[in-house]
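Okay, structure first, notes after.
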Amino acid sequence: MNIKSLLLGSAAALVAVSGARAADAVVMAEPEPVEYVRVCDVYGTGFYYMPGTETCLKVSGYVRYDIGMGDLFGMNDVLDKKDALEDGIFNTNDTYYKRARAALRLDARTETELGTLRAFFQVNFDWDTTTVEIGDYDVSTTKSGLAKLNHAYIELGGFLIGKTDSLFTTFTDYAGSVIHDDMIGFGPYDTHTIQYKFDAGNGFSAAVALEEGADVAYTLDSYVPHVVGGVGYTGGWGSVRVVGGYDSVWEEYAIKARLDVKASETISLFVMGGFKDDDAGEPNYYGNWGGDWAIWGGASFAVSPKAKFNVQLSYDDYENFAAVANVNYELVPGFTITPEVAYYDNFDVDNSDAFGGFIRFQRNF
């Protein structure tokens, strides 16, 4: 009995010790729920909610490679290095223009009691072929690390403040769908601006802007800003828009009108005319074409779901003429190839006819 009692007592002690150790074991806490990224489809595709906020963010951009050739796009003088090394003869030859660009865009939007609050910026990083002067010669070289703030602005409701392209240019949606649509200028680009845009919801729209201008010749030299205003109407058939700008530095004005027509499901047409005060050839920030007037026209034809043919013709009062045509082809989703040809005739230069070829490879994301 004593032995049996001893064995039973030992077993009970072991069970008790095991139970005590089990009570002291580490208990793994349940993982907290993870807030996965939520899609924000209020503003279109690509937006998502920033975790823990009601702000929708879109990250996008593109990587682009351009190659230019001919009299218009390939005028980069390159020293003939071999001749210079062997014979001491410095010859130059016109050759390619090339640019590699990476563009990054961030678009953040939030709904507020005053409307949509938006912040947008785009930065371009370029590596260009360019021409620099060395002694008595222009030689081709490359420039790296070129970063440009293309856009940076804040919008609330219809108000916009920041740096972007001039309202005089954006209100008419630039010009045609070709790459080199500004061979005859139709207005300025970069500027500081304060804008207000009104959309009536029935097709009618209006906008007004106060702008600073750019470059030495047009940046404000007093507290009086440049002023731009425009009105427009958009319907199922197309749109019509009129915009005017006042250059407060040179006290000159310019005006443009544009008509867009959807001729069919695959064909769209546009014509745009500009007029400016140019009695004695004065500088004009908004009227950067030659002479009093200029006209632009073009068309786009959807050849297939992946290919579109675009053409644009332009002419100004100084008899400058430009013709540009391209094919925008989407090889695979997100990757387009655009070959383009152009012709330009400058009235101010004898034998000025110039041709050029250009091709762009672009991966959008």
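By other beta-carbon atoms within 10 Å, ranking MET272, MET75, MET50 with the fewest at the front produces MET50, MET75, MET272.
Using the Cβ-Cβ distance between ARG363 and TYR223 with R0 = 35 Å, the FRET efficiency computed as 1/(1 + (r/R0)^6) comes to roughly 0.20. Under 20 Å from a point placed 7 Å out from the Cα of TRP250 along the Cα-to-Cβ direction: which residues of segment 196-214 have their backbone N that close? Only 210-214 fall inside the zone, counting backbone N under 20 Å. Fully extended, how many nm does the chain gain between LEU104 and PHE335 (0.36 nm per residue separation, minus their Cα-Cα distance)? Roughly 81.5 nm would be gained on extension. D by Stokes-Einstein for segment 294-363, Kirkwood Rh over Cα pairs, 4 °C, 1.567 mPa s: 96 µm²/s. Exposure proxy ranking for VAL243, VAL341, based on other Cβ atoms within 10 angstrom of each Cβ and starting from the fewest, stands as VAL341, VAL243.
A simple spin-label model places pseudo-atoms 7 Å from Cα toward Cβ; at ALA307 and ASP71 they are separated by 2.9 nm. Annotation: the residues SER60, SER314, SER205, sorted from fewest to most other C-beta atoms within 10 Å of their own C-beta, follow the order SER60, SER205, SER314.
For the set LYS197/LYS256; LYS58/LYS308; LYS262/LYS308, the pairs lying more than 20 angstrom apart at their alpha carbons are LYS58/LYS308.
Rounded to the nearest 0.05, what FRET efficiency is calculated for THR53 and PHE125 with R0 set to 22 Å and r the Cβ-Cβ distance? The value I calculate is 0.20.
Taking label points 7 Å from Cα along the Cα-to-Cβ direction, PHE159 and TRP237 give a separation of 3.8 nm.
Quick note: the coordinates plus some simple rules give every number you see, no bench work behind them. Just so you know, these numbers come straight off a predicted model, no measurement behind them. Positions of Cβ are backbone-derived with ideal geometry, glycine not excepted, and every protein chain shown enters the neighbour counts.
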